[in-house]
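Engineer: My questions all concern the structure below.
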Amino acid sequence: MSDVLTISQVNELNYEDFIGRFGNVIEHCSICAAAVWRFRPFHDIRHLHQAICSFLDLLPNTGKEGVLRLHPDLAGRLAELGSLTQESSAEQKAAGLDT
């Protein structure tokens with residue numbers, strides 16, 4: 001399977017594979033992917049995005065705070081150890097936090 005999936009391939013992913021692919025869309029919060037998997041089939045990428053955003057929007061404030069706490073420290077310990085995801089490393093580099 002290539003890195004880029006069609007929406008049909010996304011819809012065919014089993015639960016574990018879906019979480020494996022989309023579990024880090026919201027920083028290390030695979031529960032977001034787990035929650036939106038049930039909304040398959042997705043019509044397109046916008047529909048998938050909308051499902052993730054709706055899940056987050058409907059969380060109570062304590063749930064939203066919990067998701068925010070999962071985000072790695074900016075230029076913190078994980079960055080120093082080289083343990084950030086590629087996405088986080090790129091975000092921090094783009095913001096100049098790697099210098």
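The values are calculated or read from the model by the stated rules, or taken from the named source; none is laboratory data. A quick note: this is a predicted structure, and the numbers were derived from the prediction, not measured. Note: areas computed on protein heavy atoms with side chains; ligands, DNA, RNA excluded. Shrake-Rupley method; radii C 1.70, N 1.55, O 1.52, S 1.80 Å.
Engineer: Provide the per residue accessible area, probe 1.4 Å, for the chain, rounded to a whole number of square angstrom. Walk me through the numbers before you get to the answer.
Structural biologist: Working: 7000 Å² over 99 residues.
Dividing the accessible area of the chain by its residue count gives 71 Å².
Engineer: I've got another one for you. Over the chain, with every protein chain in place, what whole percent of the accessible area is carbon and sulfur at 1.4 Å, could you tell me? Numbers along the way, then the final one.
Structural biologist: Working: 3850 of 7000 Å².
That fraction is 55 percent.
Engineer: Still on this structure, please answer the following. If every alpha-carbon in region 7-95 counts as one equal scatterer, what log10 I(q)/I(0) does Debye give at q = 0.11, 0.16, 0.23 1/Å?
Structural biologist: -0.36, -0.72, -1.13
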